[in-house]
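Read through the structure below, which is laid out as structure tokens, and then see the notes.
FYI, it's all coordinate maths here, none of it is from the lab. For clarity, every value in this text was computed on a predicted model and none was experimentally measured. Neighbour counts run over all protein chains shown; Cβ positions are idealised from the backbone, glycine included.
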Amino acid sequence: MIAYALRRLVSAIPTLFVIITLAFFMMRAAPGGPFDSQRKLTPEVERNIKAAYDLDKPLWRQYVIYLGKVAHGDLGPSYKNKDFTVVQLIGTGLPVSARLGLSAMVLALLLGTALGVAAALKQNRWQDYSVMAGAMLGITIPTFVTAPILTLIFGIYAGLLPVGGWSGGALRNMILPVTVLALPQIAIVARLMRGSMVEVLRANYIRTARAKGLPVHRIVLGHALRAAALPLVSYLGPALAAVLTGSLVVEQIFGLPGIGRYFVQGALNRDYTLVMGVVICYAALIIFLNFLADIAYGILDPRVRLT
Amino acid sequence: MIATGQTLKSSEEIKGRSLWMDARRRLFHNRAALASMIILGLIAALAVLAPLLSPYAYDEVNYDLIACSPGWWPVEAACRAQGHVFGTDAVGRDLFVRVLFGARVSLAVGLVATLVSLVIGVLYGAIAGYLGGRIDGLMMRIVDVLYSLPFIFFVIILMVMFDRNFILLFVAIGAVEWLTMARIVRGQTLSIKQKEFIEAARAAGVGPLGIITRHVIPNVVGPVMVYVTLTVPGVILMESFLSFLGLGIQEPLTSWGVLISDGADQMETAPWLLLFPALFMAVTLFCFNFIGDGMRDALDPKDR
């Protein structure tokens with residue numbers, strides 16, 4: 001187990017390396033530099049700026065310098081947000097994004113599991129059909145449609161919730177973004193949970209539990225849930241990636257100061273270092289959490305041998 | 001010999017049912033899938049015929065009718081535009097025709113990018129699966145590494161790099177979507193290559209390329225088709241996502257993502273600008289999903 005965990009961690013390094021390399025060369029292959037759109041600079045000033053950012057050196061030198069800095073946890077200065085380093089920007093944005101994403105994940109897991117279990121217990125009855133129809137809606141309608149529509153209803157027509165802004169993470173400000181971010185995940189979790197729960201409920205040990213006369217809630221909570229939750233654990237990785245992608249849109253729509261917004265703005269402004277920094281940060285997060293999910297799977301399911 | 005000849009003749013008259021005919025019959029009996037196909041057909045027809053259906057051009061600006069509601073809109077709005085079925089946008093362009101032109105772009109991106117992913121994925125998967133051994137291991141290892149990359153970010157970087165090039169958008173999305181296709185095809189190929197007809201082809205002297213193109217690929221069509229119908233809505237979503245962020249299609253051309261993004265900006269004063277494109281897009285995505293589910297049920301011999 002520990003050997004497996006170590007091996008997985010070590011194998012994450014080449015993946016990260018590939019990501020950094022790809023991101024670096026893709027950004028540098030882009031036509032137009034970060035200082036092009038500004039007014040024409042005098043040649044000396046331009047030379048000085050380029051020297052300050054190492055842009056005057058050959059590409060492979062820049063790459064080596066960048067790799068060395070990343071290894072030391074330095075993602076360089078932001079080209080467009082003057083006076084800020086990329087690490088500082090990510091440092092201010094990451095807590096916001098993490099709070100948003102984690103709340104959405106928790107909400108999706110709780111609500112999705114509850115809905116999925118309810119649907120499985122009432123298989124092929126109206127409760128089941130309505131949950132599955134709702135799930136279909138949740139999966140097909142994209143975040144950038146639900147976000148404005150929910151804002152229109154709850155923010156503008158009903159006037160119950162703020163239409164945007166973060167206000168230091170006040171609960172009122174978080175309700176809409178978290179709901180929007182969680183909706184597709186609730187739907188997918190409910191579908192997965194229903195499917196596996198239906199299977200598990202057919203198992204012999206559940207029949208035994210029923211025969212013993214256990215009440216339904218004890219059968220579900222005590223016996224069925226653990227086995228039925230396994231597919232969920234392996235879905236955690238993709239779910240996380242989906243939440244990160246969704247947060248790009250949600251942060252943009254609600255004007256939240258998370259890293260997703262930095263990424264989009266950085267991409268639009270050709271802020272190379274910021275974009276690369278955020279990509280590396282996202283990639284590291286995804287790799288790390290996938291790793292955690294795999295380990296959790298091994299612990300929860302004794303049949304899986306992690307070697 | 002004579003007896004065999006006779007049985008063959010009589011079986012011709014009975015008319016056999018192929019796997020595909022069975023699948024098609026099952027698909028057409030699935031009401032949700034059938035309705036979805038009809039609706040999708042309608043949307044596609046509207047998109048193709050768009051210039052004929054409306055007296056307005058998609059980029060025709062009219063400063064007298066800025067963000068006017070449709071004539072039939074139930075709520076009182078600042079101004080009403082008679083003759084514009086879906087109202088007009090912020091510079092007075094007809095929304096109906098823009099939604100249909102958006103459909104053109106969104107559907108085209110969906111189909112072309114899926115085609116790109118289909119070609120790459122099927123060839124890659126079939127080659128890896130058929131050759132097997134160390135080459136297969138290496139090829140699938142590459143897929144694994146690519147899989148763990150947050151690809152949407154690379155598409156975004158690509159779009160920034162090449163200035164939102166329209167054709168690149170197709171290629172970039174297609175290049176992201178082929179991974180799953182390759183995995184599916186490889187899995188199928190692994191089981192197909194054990195079959196006798198492959199051995200027969202090899203014995204007859206057909207080379208690896210011939211076997212892959214003529215004997216392996218035709219036999220993976222079923223699962224691939226199911227995945228294709230589920231890829232198209234994924235691609236449409238991805239394009240709209242990029243357009244929504246301002247990284248996809250550029251004005252005056254439009255797509256559903258652009259329209260939804262514009263509509264979201266003005267939803268307080270002109271909600272129809274958001275509702276109509278969102279409705280078209282949601283319905284389309286729904287239809288594709290229903291067809292995909294229906295196809296899976298139809299092609300899967302195990303009853304679900």
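Judged by the gyration tensor of its Cα atoms, with axes a ≥ b ≥ c, the protein assembly as shown is rounded; a/c sits under the 1.5 cut. Among the cysteines of chain B, those with no neighbouring cysteine Cβ under 4.7 Å are B:C287. Annotated for chain A: lysine pairs at least 8 residues apart or interchain, Cα distance under 17 Å, count 5. Here the 3J(HN,Hα) profile of region B:196-206, calculated from phi with Karplus coefficients 6.51, -1.76 and 1.60 at θ = phi - 60°, is 5, 5, 5, 4, 4, 4, 5, 5, 7, x, 6 Hz, Gly and Pro shown as x. Please report the net charge: other residues with Cβ closer than 13 Å to the Cβ of A:S234, K and R +1, D and E -1. That works out to -2. Treating r as the C-beta distance of B:V221 and A:V106 and R0 as 45 Å, the FRET efficiency rounds to 0.60. Please state the shape class of chain A: rounded when a/c is under 1.5, otherwise prolate if a/b exceeds b/c and oblate if not, all from the C-alpha gyration tensor. Verdict is oblate for chain A.
Taking the Cα centre of the protein assembly as shown as origin and assigning +1 to Lys and Arg Cβ atoms and -1 to Asp and Glu Cβ atoms, the resulting dipole is close to 2240 debye.
For region A:209-307, the list of trypsin sites (Lys or Arg not before Pro) that fall in a loop by DSSP and count at most 13 other C-beta atoms within 10 angstrom reads A:K212, A:R303, A:R305.
Each of the peptides B:261-270, B:46-55 was scored by the mean count of other Cβ atoms within 10 Å over its residues; in descending order, highest first, they stand as B:261-270, B:46-55.
Panel order for B:C68, A:C281, by other beta carbons found within 10 Å of each beta carbon, from fewest to most: A:C281, B:C68.
Inter-chain Cβ neighbour count for B:187-194, averaged per residue, equals 0 (cutoff 10 Å, partner chain atoms only). Taking amide H as placed 1.01 Å from N in the peptide plane, B:E60 has its amide H under 5 Å from the amide H of B:D94, each at least 5 places away in sequence or on another chain. Protection proxy ranking, highest mean first, for peptides A:171-184, A:77-90, B:20-33: A:171-184, A:77-90, B:20-33, where packing is the per-residue count of other beta-carbon atoms within 10 Å, averaged.
With a 10 Å cut-off around each Cβ of B:255-263, the average count of Cβ atoms from other chains is 2. Taken residue by residue and averaged, Cβ atoms of other chains lying within 10 Å of the Cβ of A:143-155 number 5.
Sorting the segments A:245-257, A:46-58, A:229-241 by their residues' average number of neighbouring beta-carbon atoms within 10 angstrom, most packed first, yields A:245-257, A:229-241, A:46-58. Under the criterion of Cα pairs below 8 Å and six or more residues apart, the relative contact order for chain A equals 27 percent.
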